[in-house]
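First the structure, in the form of structure tokens, and then the observations on it.
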Amino acid sequence: MRSDWSKKYWKNFLIEQRKYQWFEDTVEKLADWMHLEHGMVVVDVGCGLGQLGLLYWPHFGRQGRYIGVDLSYKLLRDAKKAAKNWIKKGKSYFITGDAYKLPFPDAFADCVMCQTLFYHQRTPQIALSEMVRIAKPGGFIVCKDLDYLSTFLAKDFTSLPEFTLKEQLLSAKVLLVSHKGKIKLGRGDNSIGRKIPMMMKEAGLVDIDIKNNDLVYFLQPPYESPRQQYYISMLKKRLRREKDNLTWWRQAEEEFVAGGGEKNDFIRYKRVVNKHKSLYRKQIKNGEYYRCTPGYFLVTIGRKPKKRK
């Protein structure tokens, strides 16, 4: 089951997820680490609404070219329209294309990047090999992707009552089994972010390195910062979208069963997750909810070797 990212719900999800996703000083450090320079040709694979272009344009855009590639012409249409607001002193192009067969010649780009592309793919190694193919010798491949599995298994500090040890073990079991089921169904890999460095090595890249986003998901009353105010507004919004939760539960159950799990375990897990639902709603409504938890959003870089003379 693939999500249509051009539909209103998923497109809004893209926008919501990427707002306040990176600290400004972190972006500056990453741009330097990624060896971005003005005048570069940068290809963004699976560009969606072009957020990577918006994020890094100040670091390569002067006399540079940003080329976004995506399967969805609807997203590309919106990305092209939005780019008019941030493209300055350079050029941008948005092209319909498949990550498994990129529409560019060999050695075309100075930098090829992607964000949460591999997370959704059955065979991300093919997409990576294409990114390597179109990069110039000496050019860099940059992949931002998730390690949701570690995030899901991390222990939060929260205002909600702690689950019993038995409930925590059941939750961990469901998450691990569902992870296997998701891969089996070809819906992606929740732990792909941590695997990319080895994928890059196998693809022949050198000077491989990896960093984690330094953003911590942090909510504490009275939610003083714009970031926290945005987070709490998104939680309130999601509480009003019960139909979306039904879709998520259906997919989660399919993946758990595909991974070898028993339906009775999933039913018990669902009860655990919903155990404090009324209290959660009350805390959100009254401005009492707090949470502090790390996230695992990994950025991996590798360089295509220069040709030997």
Per 10 Å bin, what percent of the C-alpha pairs of region 143-284 does each bin hold, from zero upward? 9, 30, 36, 19, 5, 0
For the chain, what is the mean residue ellipticity at 222 nm derived from helices alone (per DSSP H run of n ≥ 4: -39500 (n - 2.57); sum divided by total residues; nearest 500 deg cm²/dmol)? -14000 deg cm²/dmol
Normalised alpha carbon radius of gyration of the chain [divisor 2.2 N^0.38 Å]: 1.06
Given a cut-off of 18 Å, name the pairs among K101/K184; K236/K270; K166/K285; K29/K144; K201/K304 whose C-alpha atoms lie farther apart than that in the structure shown. K101/K184; K236/K270; K166/K285
In whole Hz, what ³J(HN,Hα) sequence does region 150-158 give by Karplus (6.51, -1.76, 1.60; θ = phi - 60°), x for Gly and Pro? 5, 5, 5, 7, 5, 8, 6, 9, 9
Run the quick spin-label model on L160 and V273: label points 7 Å from Cα toward the beta carbon, then report their separation in nm to one decimal. 1.0
Can you tell me the FRET efficiency between K201 and N286 if r is taken as the Cβ-Cβ distance and R0 is 45 Å, rounded to the nearest 0.05? 0.35
In whole Å, largest first, what are the principal axis extents of the Cα atoms in region 49-202? 58, 36, 29
Extreme residue, positive dipole direction of region 8-123, given options V41, A109, Y93 (C-beta unit charges): Y93
Helix axis angle, 24-33 relative to the chain longest principal axis, alpha carbon, degrees: 40
Where nothing but the Cβ of Lys and Arg (+1) and of Asp and Glu (-1) is charged, how large is the charge dipole of region 230-309 around its Cα centre, in debye to the nearest 20? 760
Low-density loop GluC sites (Glu not before Pro), region 84-176, at most 16 other Cβ within 10 Å, DSSP non-H/G/I/E/B, are E162
Let me have the relative contact order for region 183-309, percent, based on Cα pairs under 8 Å that are six or more residues apart. 53
Using the Kirkwood radius over C-alpha pairs as Rh, can you work out the diffusion coefficient of region 51-121 via Stokes-Einstein at 10 °C, viscosity 1.306 mPa s, in µm² per second? 122
So what are the ³J(HN,Hα) numbers for region 226-232, from phi and the Karplus equation (6.51, -1.76, 1.60; θ = phi - 60°), rounded to whole Hz, Gly and Pro as x? x, 4, 5, 5, 5, 4, 5
Sparse-neighbourhood loop hits (GluC sites (Glu not before Pro), region 216-309; DSSP loop; Cβ within 10 Å at most 16 others) -> E224, E262, E288
Taking the alpha-carbon centre of each part, the distance from region 273-309 to region 181-226 in Å is 10
In the P(r) worked out for region 204-298, what percent of Cα pairs fall beyond 23 Å? 48
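Computed from the coordinates by the stated procedures, all read-outs in this text should not be read as laboratory data. These figures come from a predicted structure and were not determined experimentally. No Cβ is skipped: glycine too gets one built from the backbone with ideal geometry, and neighbour counts run over all protein chains shown.
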